[in-house]
Amino acid sequence: MAYKIPLFNLNFDEREAQAAYDTIKSGWISTGPKNAELEEMFAKMLGAKYAVSVTNCTDALHLSCMICGFGPGDEVLCPSLTFAASANCIRYTGATPVFCDIIGPEHINIDPKDIEKKITSKTKGIVVVHMAGFPAKMDEIMAIAKKHNLKVVEDACHGPLSEYKGHKLGTIGDCSAFSFFSNKNISTGEGGMFVTNSEEYAAKARLLRSHGMSTMSYQRATGHATEYDITELGFNYRMDDIRAAIAIEQLKKLPGDLNKRLDVRRQYVERLSKIDGVVVPFADNKEFVSNYILPVVLLNSNKERRNKIREFIHAAGIQTSVHYPAIHRFSIYKDYGAVLPQTEYVTDNEITLPMYAALTEEQVNFICDVFEEAVREIK
Ligand SMILES: *Cc1c(COP(=O)(O)O)cnc(C)c1O
């Protein structure tokens, strides 16, 4: 069934199509000048020193974990209420993810108190996720990291241009990862970015994304280098120039897109905060954020009721989702034995409502009317 109101809507028009066409016509489609332009734009936009484009965010997270030096025998703390890649990236290095709880329905990011509780002599780092683009408690997390000499990787997939106390998300930890997957704030189909302020880390990321080769094809093709050496066991995590050209158009639109999302969020929060038994996470946030998604949490509820409420909303032609099925409950993580009461409550009682720039006031009112009726009728 096609939904009347989908969860997400691509902010694409002729400009993305033209950019892809022009790149194809240029004769250079793999990693080259468009990637260089994108990286410069991205770093500037964040106020970060270095941005290195990659195939997707999962690869950026893998590189982050490698570059932070995680490996076999190490423990790395991360949330469970996130997409699986936030924990899988730790395992790619041979290290072990240790799941931490979230604060609660009002703040669904990792709880610094639980981080402190789970630190052992093996702990080497923390992968922080900024859910929906709302900042995790970075002051507390960075202080803990400093005290225990831990590296901090920011999974900033949800938060391009989101701010935390004057800093853009993705520039606070040691390095960070962004996603350009189709349903993210910046869409190129597949794509991602590694960001850091460390020259050494950026150089390492460049090397590892391209087979550990000392020069890139584009440099050789343009006559700036003729030979190469392989100096690290690298990968092919390069983004092609067709996607980079699309990403450049998406970046140009991003501030306007996010401003519209702010209005949509404002309207949602005003309506939803009047409904009994419903919490809008991060309702007290005052900083500029990306509003990647619009999560709500039902109070004094359970999974069965949540699912019935979702069915009611779907029957009205509105798509919803759940962010996220908790990672520690997946088959491959069951043996880790994580017990996370707040995460378990929220994963069973969260509903994600539609969020995108083109949502009209009438549509948001309609979604809120239907949601309110569902919450009232379904006990
Ligand atoms: C989407 C997402 C990822 C993975 O991004 P890809 O670009 O699809 O690899 C990782 N972490 C979070 C929190 C995400 O939302």
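The values are calculated or read from the model by the stated rules, or taken from the named source; none is laboratory data. Only a predicted model underlies this, so the values are computations on that prediction, with no experimental measurement involved. Neighbour counts are summed over all protein chains in view; Cβ atoms, including those assigned to glycine, are modelled from backbone coordinates with ideal geometry. Accessible surface areas use protein heavy atoms only, side chains included; no ligands, DNA or RNA. Shrake-Rupley method; radii C 1.70, N 1.55, O 1.52, S 1.80 Å.
Assorted remarks:
- Some residue of region 238-246 being in contact with a strand residue (DSSP E or B) (Cβ under 7 Å, 6 or more places away or on another chain), more than 28 Å from ALA132 (Cβ to Cβ) and within 16 Å of the ligand (Cβ to nearest atom): yes
- Within the set ASN307, ASN300, the sole residue that is of a type in the set (S, T, N, Q), part of a helix (DSSP H, G or I) and open to solvent by 40 Å² or more (accessible area, probe 1.4 Å) turns out to be ASN307.
This table checks each residue for (1) in a loop (DSSP other than H, G, I, E, B); (2) surrounded by 20 or more Cβ atoms within 10 Å (Cβ to Cβ); (3) of a type outside the set (S, T, N, Q).
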| position | (1), (2), (3) |
| --- | --- |
| ILE275 | yes, no, yes |
| PHE282 | yes, yes, yes |
| VAL296 | no, yes, yes |
| PHE312 | no, no, yes |
| ILE332 | no, no, yes |
| ALA357 | yes, no, yes |
| ASP369 | no, no, yes |
| VAL375 | no, yes, yes |
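- The set of residues in region 201-234 being closer than 16 Å to THR31 by Cβ and of a type in the set (Ser, Thr, Tyr) consists of SER210, SER214, THR215, SER217, TYR218, THR222, TYR228.
- When region 63-73 is filtered for residues that are in contact with a strand residue (DSSP E or B) (Cβ under 9 Å, 6 or more places away or on another chain) and within 16 Å of the ligand (Cβ to nearest atom), the ones remaining, listed by number, are LEU63, SER64, CYS65.
- Only one of the numbered conditions (1) modelled with pLDDT of 95 or more; (2) assigned to a loop (DSSP other than H, G, I, E, B); (3) farther than 25 Å from ARG266 by Cα is not met by HIS323, and that is (3).
- For region 235-273, the candidate set comprises residues that are open to solvent by 20 Å² or more (accessible area, probe 1.4 Å) and among the small types (Gly, Ala, Ser); within that set, the residue that is modelled with the lowest pLDDT is SER273.
- Residue in region 161-182 that is under 14 Å from the mean Cα position of the chain (by Cα), under 15 Å from ASP59 (Cβ atoms) and among the polar types (S, T, N, Q) present: yes
- Odd one out for LYS286 among (1) in a helix (DSSP H, G or I); (2) basic (Lys, Arg); (3) closer than 18 Å to GLY133 by Cα: (1)
- Selection within region 136-147 - open to solvent by 10 Å² or more (accessible area, probe 1.4 Å) and assigned to a loop (DSSP other than H, G, I, E, B): LYS137
- Among the conditions (1) among the hydrophobic types (A, V, I, L, M, F, W, C); (2) more than 10 Å from the ligand (Cβ to nearest atom); (3) touching a strand residue (DSSP E or B) at 6+ places or on another chain (Cβ under 6 Å), the only one that VAL54 does not satisfy is (2).
- Residues of region 117-135 that are within 14 Å of the ligand (Cβ to nearest atom) and either surrounded by fewer than 24 Cβ atoms within 10 Å (Cβ to Cβ) or farther than 20 Å from ALA95 by Cβ (or both): HIS130, MET131, ALA132, GLY133, PHE134, PRO135.
- Filter result for GLU344 (touching a residue at least 12 places away in the same chain (Cβ under 8 Å), in a helix (DSSP H, G or I) and open to solvent by 10 Å² or more (accessible area, probe 1.4 Å)): yes
- Of note, LYS124 satisfies the criterion of being basic (Lys, Arg) and more than 20 Å from the chain's Cα centre (by Cα).
- Against the criterion of being in contact with a helix residue (DSSP H, G or I) (Cβ under 6 Å, 6 or more places away or on another chain) and within 13 Å of ALA60 (Cβ to Cβ), THR188 does not qualify.
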